[in-house]
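Okay, structure first, notes after.
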Amino acid sequence: MAPLGRCNMNKCSVVLKVINASGISIKSVVKRKPRSSVRIRVNKDRVYETTTTDTDVPVWNKEFKIVGVQYDTILSFCLYDNGLVPPLSRQSLGSADRTVEELLKLQPEVGGITLPLTGGTSKALITISIKEESLTEGLDSSLQQTQRELEEAVHPPLSGSGLTVSQNLKVLVDSLENSKRILDAVAQLHPYLGVAVKLATSVYNIVKDQLDRDMSVLSLVDSMSTLHSFVSSLQALKNDFDLLTRLELVMKSILLQTVECLIYIERYRVHAFAESAEQGDTHPLDDLYDKALHSSLDRYWLKDYPKAYNAVLGVILAAKEPISVTVIDQFLEGPKGPRRASKVLSPLRNLLRYSNDHEPVHLLHLSFRDFISNPDRCDKRWFVDVIEHNRRLASRCMDVLRASFQTSASISQTSTSSETDANTYACTQWILHICDMTDCPTEFARFLQDWLEAYLINWLEAMSALGKARIISSLLEQLLAWVEASLIWTTLPANGDLRSLVYDGVRFSAFFSETIATGPSLVRPSALPFAPTESRLFKLFHHPKLPTIMGGYLPQWSPALRLFDQDTDVDSLAFSPDGRQIVSSGPQGAMFSDVSYVLRVWDVEAGTEAIPTNPLDERSFATFSPDGTQVWAASAKGTIYRVDTKTGYLLSEYHMHAPGEAPTEHNAGDLWTPFYDKQNPASKSTQDLFFGPSHQRSMSDPNTHSDNQPIAKYHDDLAQLQTSTYSYAKFTRAAFSHEGLWVVLGQQDGSLWLVDLQTRTMPYAPLQSAGLRDRQAATRMFHSIDFSPDDSWFASGSGDGMVYLWDRRTGNLHSKLAAHTSEVTVVKFISSNTLLSSAEDGSIIMWDLDQGLPSRTCTVPGISPDDGFEPLAFSSDGTKLAACLADGTLRILDVTTGEPLGLDLIGHFNPATAAAFSCDKEIPRLVSAAFRDPIHFWDLQKRSTYDWRIPRHHRPPHEVSFFSSGLRVISWRNVAPWQTKVWDAGSGREMKMSPYDARARLDSTNSTILSSSGEPVQLIADKDGEVVSSYMDHSSRLIAAADNRIEQNSENEDSENEDGESEDCEDGKVSKSKETQSPPLQFDIKTGVLSSCEGKEIWMLPKEYKARSYAIWRNYIVLGLWNCRVIVVYLPEDLVPGRVLQRRLRRGVHAVARWRAIDSSSGIDRTRLPSDIKNPFKL
C-alpha cells in the first residue's frame, strides 16, 4: 500500500457494477455444480470479488466503490468457477484487462459493457457498468460505509441472538477485511491531515493492547474478545484454524496501516501541516519498534542468540528479494551444520510476514529495515550492518555456485524444492550484491577474477536452465560498470584482465541470447565456437574437444551487439525516446505467397518482442510518440494505427474512406475521409501546379501570409483525379507530427496527403511535387518527409533532387530548395529554420530556411554510381548520417564533412531497407534491417579500431562442396551476381584463383576446379591470413588424411583378392569391407540441426545464424551462411555417434598418420589437449 503522504490530483472514484456473465461452458468430468464468481483486481493490488452463484447464467448486480484510481489504472476482470472436485480448486474461465478511461468511454447511457474473456477454458462474456464519482464524494461515502460496518462488527452481541463467539468473530474479521480494503484506497490518495490522524488514532486503538505481548493465536483472539466485549467461551475456536489465520493476517495489515499513517504524520510535521497532531519524537516509529523488539526478544537474548539474530536478520535485510527460512539456512551453513533460522525468527513474527519455512520472509514494513540498520536510531544490540552483510552475501552466493559447479550439480531443472532455492537466488542475484559494494578489497577482486575465469561459462549455462538467459547481458553490464568505476582491474595480474572478461561476457550473452535461451546444452558446443578467437572468453573456455570453426569465426567482436530475428523484411524502424524499445514494421510469412504485415515492438535488453504482434494491412511507416507510450503507424493503404506500447492494445485504427463506398454502421467511426471536390474543372494536366512567389517569406514569422501566395491548386478535373488515385492509393512514405495530430502520406508520383487525425479529414487537396524514381530493390517506407519542431511546416524530398517546404496550415508551397542532383531520400528538421537533407548523389546539405539557401554543403568522398549509395537516417542531434551501399555495408558519416566516422558496419548482405539512431547522445546506438536479414543492433560508441573485414560472398552462396580430398571447399552462386570462391578447409582461409573465373566449378571427380571454358584453374594460398591456434588449423591433418587415402586406394587395388575383398594390413588381419569415407550425418537447413541417420542431435548452428547451403565430409561440415560467410566446422570424434576416428600406422608407411573409423564401443579417445591451453575449471 502506498504511504498516505503520496499525492496525485489526477485520481478519481468510480462505482463499478458487475451485472452478469454468459457463455459459460465447462468441460470437466469432476464438475459438481456451477459456482461462479468474478474477481476484480485494481493495478494488480486491490482485489474485489462477487459472491458465488449456483447457475450457469449467473447474475450478481454487485456494486463496488473503488476510490483512488487514475484514468490509466488497469482493471483486471477474471471469471472463476470453484465448483470442481476437490472443493478448494478453482478454474479460470477467462479474463479481460481494460483501463478506467477505456471503460468510461465504452459505457453507454443505458445498459452495460460486454467484455469478452480470453485465456480461459471457455469463451465467456461478462457484463459490467461503470460510473465516475467525484473524489470527495467517493471518499466520504467509503468512510461512512466503513464506519457503519465497524460499529456493527464491534457491537456486543444481543442476548438471545444465538451467535457464538466464533460466529461473531467471523463477522468482525469480514468487517476488518473490508475496512482494510477501504483504507488501502484512502492511503493511495492525498488526504487532509485530519483524515490521517483519525485513521491512525482509530487503528492504533484497536491494536495498542497487542504491542506488548506475543502474537500467538490464542492471546490474539483473547485480546480481541476483551476489546470488543465478547465474553463467551473460547473453547469453540480451538479447531477454527481458518478464522484464526484470517484474523492474524488482518491484524498485521492493520498494524502496517498504523505504521504508514504515523509515517505520514512524521513527514508532514516538518512542513507545519500537523499543527493539530501531538508533538513527539523525530521518529515516532522508533519507540514502536523498540518496544516490540524488547517484548519479543528479551527472554531469548542469551548465549548465542544475539549472534544468530544479527546473521539471520543481516541476510533478510541484504537480500535483493524475499527468501525463505530454508534458503537462509543454506546461506548461513557453517562447519557445524546449518543454522536454524526459524528459531531466530519465531519470536519476531509480529514484525515479519511468512507462513512456513518454505515461504519468503517479508518485513512488516520497510521502515523496520530503516530502524534496525541505523545505529543512531536503534539500540546497539538491534543494529544490523547491511553493508557488511551485503558483502558477505555476495561472497556466499559465489561459494554456493562454486560448490554446485564443482560437484557437477547442474541447475538444469528449475525446481521449486528447497534444495535448489539457494542456487537459484545465487545465480540471479550475486552480481547485484557485488554492485552494491561501496569498496572492493584486492582480495575480493582476485577472488572475483578467479571465479569468473573458472565458472563464467557454467553460470551462463545455469541461467539458461533457469529460464533467465534474457537478463544475463543486463546483469553483466551492471558488473562491467561497477568494475570500471572501481578501477580494480589495475591491481590484478597482467594476464588476468577482469574488465575484458566481463566485457566478453556482455557481448557474448547479448549477441547469442536466443541460442542461450534455447537451452544450456547449446552454450559451449554451438555459441562458444563463434566467439572471437582473441577474446578472453574464447581462450579460457574453448578447447579441442568442442566443435571448432577452422580458422575461427572472427578475431574480435564486431560492432553488432544483437540480432532481432524477423520473418522476411522490414520497412521501417524507430527507437523509443528512452532507447529501451524498437518498433519495426514489415511483412511476415513466405516471400511470394501468403504474405501478411505486422507491427512489432522489441525489448532491446531482452532481445524479444515486448508486446504481442499487431497486424497491419500493408507495408507501413512506424514511429514512437514523444513520450514513448504509443506507437503510431501509417500503412501504404492509408490506414492509421495507434498502439499502446505497454499492453499492445490497439487504441485506434482509421481506414481511408474509398470513394463511392458508403460507410456502414460498423465502420463509420473508424474512417478518415480524403479531400473531395468536383468544382473548378480545367484543361491542364494534374501535374501542372501554380505556386506564387514564396521565397521571400521568413521562417521566423510563420504567421505572415500574403495574398500573392495562393494555395496549391489542381488545374484538372479533381473528380477524375479521385477516381484514378484515391481508389488505388499506394503510399511509399509518411511522417507524423510531433503531437500526433497530423500525418503526411506520400505516393510514388510525388503527391502528398495531409490528414487531420482529430477530424479525420484532409483540409485540402493532395499537394503535388516531383515523383520518386522506380526501384528494383526491395520495397521500403522512406524518411523523406519531416515536420518542423512546432508542426507548422513540413519538408519533403523528391526524385528530381528538390526539397519542397510546405505550410501545413494552408498547404502553400513555401519554397523549392534546389542543390541535389538525384533523389532526396532523407530530410530532417534540426530547428525551426534549419533543415538537413541528403540524396543518392552523396551530397549532404544543411539549409538556412530563412534565406532558402544552403548554409553548409559536403559530399561523401569515394562514392561511385556503382556503389548504390543511399542515405537512410539522420541522428536525432543532426550530427551523423547512416547510409548504405549496394552490398549491404552501412557507413556512419559526419554531417559536417561527409567523412566516415569509424569503420564500415558489415553484416547485411542486401541493401538496408531501414535504419534509425537512438536518442542517447552518450551511448549512441543504431538499428538497421535488410531484406531477408535479421534486424541488427549496432554499437557506435565502443567500436574496435580493428578492421574486421573478412572474405565473404557479395550474396549468400547457393552451393558449397568439398573437394574429394577434403582439403578444399568451393562455394558459388548459380545466378547473378555470379561468384565462385575456394577455401582452404583446414584453415578457413580463402584461396585465390589464377585467373579468376566467377563461373568456375569442380570437375566430375571433385578433385580439380575448372574454368567456365573447361581449363584447370590454379589456386594460390593466402599467406597473410590471421594466425590462429594450432588446434583451429587442420591443414596438416587433412593433408595427411588425403595422402593416406590415396595410398590406401592404391593398395586396395593391388590387394583385392578373387572374392572381391580388400586387404587391411593392420596386425596382419583382413577386413571384409572398404573404409567408409564420411560419417552418416544429415543437416536440416531450416532448423540448423546436425543429426545422425538415427535422428540423434549432434550439433546445432546458433540461432543467430541461418544456413543457405551445406556439405559434409567425414566429421567436417561446410556451411554457406545467409550473411555470405562460408565456414568449415570440425566436429570432435566424441560427438559423432557409432564411430571414433583413431590414428593408426599402415604397414610399410613410416610414421604417416591417417584417420580411420572404428566402433565407438571401444571407448578409445586419442584427442590430445595442446599444452598451451589452460584448464578452465581449475582455480
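General observations
- Among MET656, MET1032, the order of accessible area from largest down is MET656, MET1032, computed with a 1.4 Å probe on protein heavy atoms.
- Computed packing ranks the peptides 871-878, 288-295 as 871-878, 288-295, most packed first, by mean other Cβ atoms within 10 Å.
- Under 5 Å between amide hydrogens, built in the peptide plane, is the criterion, and for LEU651 it picks out ARG642, VAL643, ASP644 among residues at least 5 positions away or on other chains.
- Per residue solvent-accessible surface (Å²) - the range 317-378, probe of 1.4 Å: 48 Å²
- Relative contact order %, the range 810-949, counting alpha carbon pairs below 8 Å whose residues are six or more apart: 14 percent
- Cα shape, the range 845-962, gyration tensor, a/c 1.5 rule: prolate
- Residue by residue, the range 930-935 carries 3J(HN,Hα) couplings of 9, 4, 6, 9, x, 5 Hz when phi is fed to the Karplus relation 6.51 cos²θ - 1.76 cosθ + 1.60 (θ = phi - 60°); x denotes Gly or Pro.
- Surface accessible to a 1.4 Å probe, per residue, for the residues of the range 594-634, Å²: 36 Å²
- Under a 5 Å amide H cut-off, with hydrogens placed 1.01 Å from N, ALA912 pairs with LEU885, GLY888 among residues at least 5 apart or on other chains.
- For the range 524-568: accessible area per residue (Å², 1.4 Å): 24 Å²
- The range 597-613 - phi-based ³J(HN,Hα) in whole Hz, Karplus 6.51/-1.76/1.60, Gly and Pro as x: 10, 9, 10, 10, 10, 9, 8, 5, 5, 8, x, 10, 6, 7, 9, x, 5
- Across the range 748-764, coupling constants 3J(HN,Hα) worked out from phi with the 6.51/-1.76/1.60 Karplus curve, θ = phi - 60°, read 4, 7, x, 6, 10, 10, 9, 10, 7, 6, 7, 9, 6, 9, 9, x, 7 Hz, and Gly and Pro carry x.
- A cut-off of 5 Å between modelled amide H atoms, ignoring neighbours fewer than 5 places along the same chain, links THR73 with VAL100, GLU101.
The values are calculated or read from the model by the stated rules, or taken from the named source; none is laboratory data. Model, not experiment: these values are computed from the prediction. So basically every Cβ, Gly included, is an ideal-geometry build from the backbone, and we count neighbours across all protein chains shown. For accessibility, only protein heavy atoms count, side chains too; no ligands or nucleic acids. Shrake-Rupley method; radii C 1.70, N 1.55, O 1.52, S 1.80 Å.
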